[in-house]
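Novice: Dropping the structure in here first, questions after.
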């Protein structure tokens, strides 16, 4: 059996958090409120810049590991892409703006297409 490549437009976004069972509903509501806020107003310049700096640091660290290079080379091979794309990550991070992120939240976080799963602790018998 062969596995097909991921299809364009196929994907998932996962948000995870832990908390006491009685707090889950409020926490889930807060996540939805934050997504709506990001869709309507976008993130602040400060939040965007902090996220970009975190991405830059992660990229700089990853460049020093064999696992990063192996994973990226496998990905470009799988998608028949140019391996030089690996080195454009810094430019792609720099291109992120609050407006770009707002559009991402509008496009990829549809509030009418979500699933909430709650793992509850076992009750003693």
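The values are calculated or read from the model by the stated rules, or taken from the named source; none is laboratory data. Small disclaimer: the values here were computed from a predicted structure and weren't measured. Backbone-built Cβ (ideal geometry, glycine too); neighbour counts: all protein chains shown.
Novice: Name the one entry in 67, 45 that is surrounded by fewer than 13 Cβ atoms within 10 Å (Cβ to Cβ), closer than 23 Å to residue 14 by Cβ and modelled with pLDDT of 95 or more. Walk me through it before giving the result.
Specialist: Numbers: 45 fails: closer than 23 Å to residue 14 by Cβ.
After ruling out the rest, the residue left standing is 67.
Novice: Please identify the pairs in which a residue from the range 11-29 that is over 12 Å from residue 117 (Cα atoms) has its Cβ atom under 9 Å from the Cβ atom of a residue that is at pLDDT below 90 and assigned to a helix (DSSP H, G or I), counting only partners at least 6 apart or on another chain.
Specialist: Once the first residue is over 12 Å from residue 117 (Cα atoms) and sits in the range 11-29, its partners that are at pLDDT below 90 and assigned to a helix (DSSP H, G or I) give 11/108; 13/108.
Novice: Related question: I'd like the full set of residues that are within 25 Å of residue 40 (Cβ to Cβ), assigned to a helix (DSSP H, G or I) and either at pLDDT 90 or above or more than 20 Å from the chain's Cα centre (by Cα) (or both), limited to the range 93-125. Before the answer, list the steps.
Specialist: Step one: filter the range 93-125 for residues within 25 Å of residue 40 (Cβ to Cβ), giving 93, 95-116.
This time we only want the ones that are assigned to a helix (DSSP H, G or I), so: 93, 98-108.
93, 98, 99, 100, 101, 102, 103, 104, 105, 106, 107, listed by residue number.
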